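The values are calculated or read from the model by the stated rules, or taken from the named source; none is laboratory data. As the structure is a computational prediction, the values presented were derived from the model and not from experiment. Positions of Cβ are backbone-derived with ideal geometry, glycine not excepted, and every protein chain shown enters the neighbour counts.
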Amino acid sequence: MSPTRGQAVLISLLVTFLWSSSFILVKVGFSEINPLALVSYRYFIASCILIGYVLLYKRPSLRPFTIEKLVMFILLAIMGYVLAQGLQVFGLFYLPAITVTFILNFIPLFVLFLSVLFINERPSMLQVLGTVVTVIGVLFFFSHSDLVFDDFRGIVITLISGVGWATYMVYSRSKLKKIRENIYVFTAVPMFIASLFLMGATISTGNMVNTTFQGWMIIIWLGVVNTALAFFLWNYALQKLCAYEQCILQNTMLIQITILAIIFLDEVLTGWKLLGIIYVFFGVLIVQLTPKDNPILSKFIIRIEKCMK
């Protein structure tokens, strides 16, 4: 069963909160273990948990594996995990974290373009307006930050990481619209394939290391909750939401990370960041307010769209 639109939005927001908390945990985790090892361990643990759950509880509902399905899983693994997650780590090696975050906040524009081009999911005029407002909010948020673009390699790697995630979102959405694949399998198998790639990269580069008890607790939490559970819920919600509608919800992570950083890292909220947060909030809200799902607002929204044409 797929969720209702309202449920899908709430589920996606829950996932963005889990991913936002990852930034705090990863910041602590990086003091315990190198980035590549942390990512590899995290996704290997998560995929094993999901595959174990499928084999124990979902085996009767499994569909036969075909060459076409295997190719689909490999493509999802490469786009959504190896490129999107793995290259993000290398981007952080060449560029400051704040610069990488700034670049990745423009992923919804990639998703919007790919959705229109390849799967014919077109936003309404109001949703385009909401996307523009969100982007303006991102620019305000980072306007007085120490952004550094002095390493071309880091910029290219981070952009490829963002395009990888955008492609994963659109490709996943296209497949979830057409096939009735078990959502656990759809999440677990690509993640497991990707974890083997990431683990191979970790071993070959000499980054396979042990860590402290605290480090393992962070990795296990990230694997079980912020990866296995989060990616399953993300794909579950993607059955209902368009790719660009769901992806733009990731921009709310700016708000969530800022609040978490104020609480746990004693960071200060500046006026420009507050202005950016307000714009992002209303931009994301506008994208989710479509006439077909909000009867009370439908007449008002349709009038706005007519004025914009």
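Annotations for the structure displayed:
- Helices (runs of 4 or more DSSP H) completely within the stretch 68-134 that count 3 or more residues being surrounded by 20 or more Cβ atoms within 10 Å (Cβ to Cβ) and of a type in the set (S, T, N, Q): none
- Only one entry in Ile296, Ile278, Ile262, Ile286 is β-branched (Val, Ile, Thr), within 21 Å of Ser143 (Cα to Cα) and modelled with pLDDT under 90, namely Ile262.
- Among the residues of the stretch 1-51, those that are of a type in the set (Gly, Ala, Ser), more than 30 Å from Val287 (Cβ to Cβ) and modelled with pLDDT of 90 or more comprise Ser40, Ser47.
- If you check Gly52, Gly91 for being within 21 Å of Trp221 (Cβ to Cβ) and either in contact with a helix residue (DSSP H, G or I) (Cβ under 8 Å, 6 or more places away or on another chain) or not polar (S, T, N, Q) (or both), only one passes: Gly52.
- Just so you know, in the stretch 141-154 the residues that are surrounded by 13 or more Cβ atoms within 10 Å (Cβ to Cβ) and over 11 Å from Phe102 (Cα atoms) include one that is nearest to the chain's Cα centre (by Cα), and it is Gly154.
- Within the stretch 231-260, the set of residues being crowded, with 23+ Cβ neighbours inside 10 Å and farther than 24 Å from Pro123 by Cα comprises just one member, Phe231.
- Taken together, Ser40, Ser21 contain a single residue that is in a helix (DSSP H, G or I), crowded, with 21+ Cβ neighbours inside 10 Å and of a type in the set (S, T, N, Q), which is Ser40.
- Annotation note: of Ile255, Ile203, Ile183, the sole residue that is at pLDDT 90 or above and hydrophobic (A, V, I, L, M, F, W, C) is Ile203.
- Number of residues in the stretch 135-185 that are charged (D, E, K, R), touching a residue at least 12 places away in the same chain (Cβ under 8 Å) and either in a helix (DSSP H, G or I) or over 16 Å from Asn235 (Cα atoms) (or both): the value is 6.
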